[in-house]
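See below for the structure under consideration.
The values are calculated or read from the model by the stated rules, or taken from the named source; none is laboratory data. Nothing here was measured: the structure is a model prediction, and the numbers come from that model. Here the Cβ positions follow ideal geometry from the backbone for every residue, glycine too, while neighbour counts run over all protein chains shown.
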Amino acid sequence: MVLWGQMGDRVLGVNQSGDPRQGLSSHATARADGSVQVLAINKGAADDILAVAFTGFDPTGRAVDVYTLSPGGPDRTSRDAVYNGARNPAPGALPAPRTKTASLIVAPRLRPLHSKDVAAGRTA
C-alpha cells in the first residue's frame, strides 16, 4: 500500500506486451497537476526490464522519482522488507526515492517477485 500511496487519483489505460498475470504487471495514474505515475510489479521468475512510453505525454527532461520495495531475504517468505534501499524502515520515517531525469524511455531493472522488486515512478 505504501507504493500505491504515491499514485494519482485518475487511473489511466495501460497496454503491455506480456501477460500481466505471469510476468510484469503495470498500473498508471495521473494527478490534476499533470504528473503521471506508473507502478510495476515483476511476478516473473527472472529479472525484467521495464520500458515505459506514453501517448499524449512527454516526460523527457522531467524529474522522475523511483520508489522500490523488495524482500529483505532470499525469497518472498522473508519477513523483512527493503524500501528505497533501507531495511525495515519505520513507517513514519520512510527514505526518499531516487530522483532521475526522464529520457525517452525510463527503464529500471526489476528483479523477480520471489526476490521481489516493486517499483513506482512519479513525474514531477
Scan of the stretch 67-83 for residues that are in contact (Cβ under 8 Å) with a residue 12 or more places away in the chain and either surrounded by fewer than 16 Cβ atoms within 10 Å (Cβ to Cβ) or in contact with a Phe, Trp or Tyr (Cβ under 6 Å, 6 or more places away or on another chain) (or both), ordered by number: Leu69, Gly72, Pro74, Asp75, Arg76
Candidate set from the stretch 84-123 (those that are small (Gly, Ala, Ser) and either within 11 Å of the chain's Cα centre (by Cα) or crowded, with 16+ Cβ neighbours inside 10 Å (or both)); member that is modelled with the highest pLDDT: Ala102
Residue in the stretch 60-85 that is nearest to Gln37 (Cα to Cα), counting only those that are assigned to a strand (DSSP E or B) and touching a helix residue (DSSP H, G or I) at 6+ places or on another chain (Cβ under 8 Å): Asp65
Of residues in the stretch 25-50 being modelled with pLDDT under 80 and surrounded by 12 or more Cβ atoms within 10 Å (Cβ to Cβ), the one farthest from Ala63 (Cα to Cα): Ala45
